[in-house]
Amino acid sequence: MKIRSLLVGLVAVGLSAAAVAADPIVIKFSHVVAQDTPKGKAAEKFKELAEKYTGGAVKVEVYANSTLYKDKEEMEALQLGAVHLLAPSLAKFGPLGVKEFEVFDLPYIFDGYEALNKVTQGAVGQQLLAKLEPKGIKGLAFWDNGFKSFSANSPIRKPEDLKGKKMRIQSSKVLEEQMREIKSLPQVMAFSEVYQALQTGVVDGTENPHSNLYTQKMHEVQKHMTLTDHGYLGYAVITNKKFWDGLPAEVRTQLDKAMKESTVYANQIAKEENDKSLAAVRASGKTEVYAPTAEEKAAFKKALVPVHKKMESRIGAELIQSIYKETGFDPAKL
């Protein structure tokens with residue numbers, strides 16, 4: 001509180017925030033993935049730019065790989081003010097009570113990054129972020145990771161190949177329904193626990209963008225992966241609203257600038273990092289990577305898109321239709 005008061009006073013007399021760089025505002029940024037993932041690299045980029053643009057008035061401490069808080073702990077810690085920045089996957093907001101974010105979990109609702117960006121970088125995305133404010137959370141940006149592939153220890157050529165398999169998912173009613181739609185057994189589990197669960201057979205398989213699969217070494221304990229691109233995994237960068245609103249205006253302006261540039265960086269490297277990770281998985285020889293034919297992919301799409309209709313009452317039919325309108329998706333054409 002003393003630091004903030006000092007900053008306000010300095011700004012009032014026209015002094016730069018850099019004058020108090022020796023005693024900076026500390027911003028703790030916690031996330032659950034490895035530092036060399038798209039999210040991990042983007043967090044480091046934000047740290048670099050935030051400290052640069054504020055002239056050292058802000059110090060960003062990045063805690064990767066669940067070293068500060070795990071999946072189930074981090075949101076409460078943010079609301080309590082124990083941590084200041086998070087970049088949770090979009091599935092995390094359903095349990096918080098903002099079920100609309102689960103629209104991002106709907107299988108095959110985005111046909112690639114171009115369709116996705118029409119939503120995350122447009123009016124629909126901003127409307128979704130605004131829904132977090134009553135929870136004491138301010139949404140700052142959407143960061144991409146990538147599109148998910150199914151993995152297991154037996155070949156996956158058609159939806160029926162996952163029948164009866166225990167599949168790890170994030171906590172999301174949409175993802176639960178997705179797995180049930182193909183008669184899999186959804187298993188909600190913290191990200192940090194997945195490798196061991198796969199290794200010991202607690203779960204049979206999972207779904208991940210390639211960078212998550214590779215950096216968490218899941219390819220070492222999964223014999224097969226199929227490039228289904230059935231779902232999207234992205235993040236919302238969020239902060240404690242009271243903390244953010246309490247920052248001096250000059251500092252907040254520079255942090256907004258750093259966040260915008262970090263977001264451009266995050267979304268540029270997402271596909272690149274996933275492509276590199278996929279190549280590394282292939283090169284390892286531990287996981288057989290299968291690219292489905294157009295007919296096989298269409299079968300997965302036909303099997304999974306009915307989840308959209310089933311989730312209308314939870315997510316909101318109007319929101320789903322607004323995304324169809326933005327992206328041009330038409331389930332009737334399947």
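The values are calculated or read from the model by the stated rules, or taken from the named source; none is laboratory data. In this text, all values refer to a predicted model and were calculated from it rather than measured experimentally. Note that each Cβ is placed from the backbone with ideal geometry, even for glycine, and that neighbours are counted across all protein chains shown.
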Here is a list of conditions, (1) assigned to a loop (DSSP other than H, G, I, E, B); (2) free of Cβ contacts under 8 Å to residues at least 24 places away in the same chain, and Lys286 meets all of them except one; can you say which number that is? (2)
Can you tell me which condition Ile109 does not meet? The list is (1) modelled with pLDDT of 90 or more; (2) part of a loop (DSSP other than H, G, I, E, B); (3) out of contact with any strand residue (DSSP E or B) (no Cβ under 8 Å at 6 or more places or on another chain), and all the others hold. (3)
Applying the selection to region 126-152, what residues are assigned to a helix (DSSP H, G or I) and either under 23 Å from Gln254 (Cβ atoms) or out of contact with any Phe, Trp or Tyr (no Cβ under 7 Å at 6 or more places or on another chain) (or both)? Gln126, Gln127, Leu129, Ala130, Glu133, Pro134, Lys135
Considering region 21-67, residues that are part of a strand (DSSP E or B) and of a type in the set (Ser, Thr, Tyr), and then whichever is farthest from Ala236 (Cα to Cα), we arrive at Tyr63
Please list, ordered by first then second residue, the pairs with beta carbon atoms under 8 Å, 6 or more apart or interchain, first in region 136-156 and more than 15 Å from Asp105 (Cβ to Cβ), second among the charged types (D, E, K, R) and in a loop (DSSP other than H, G, I, E, B). Ser149/Asp229; Ala152/Lys165; Ala152/Asp204; Ala152/Lys223; Asn153/Asp204; Asn153/Lys223; Ser154/Lys223
Which residues, counting only those in region 153-168, are hydrophobic (A, V, I, L, M, F, W, C) and either assigned to a loop (DSSP other than H, G, I, E, B) or surrounded by fewer than 21 Cβ atoms within 10 Å (Cβ to Cβ) (or both)? Ile156
Here is a check on your reading of the model: is Ser192 at negative phi, not in a helix (DSSP H, G or I) and not aliphatic (A, V, I, L, M)? no
Filter region 173-215 for residues that are under 17 Å from the mean Cα position of the chain (by Cα), in contact (Cβ under 8 Å) with a residue 40 or more places away in the chain and over 22 Å from Pro38 (Cα atoms) and give the result. Lys173, Val174, Leu175
Of the conditions (1) in a helix (DSSP H, G or I); (2) surrounded by fewer than 19 Cβ atoms within 10 Å (Cβ to Cβ), Ser262 clears all except one; give me its number. (2)
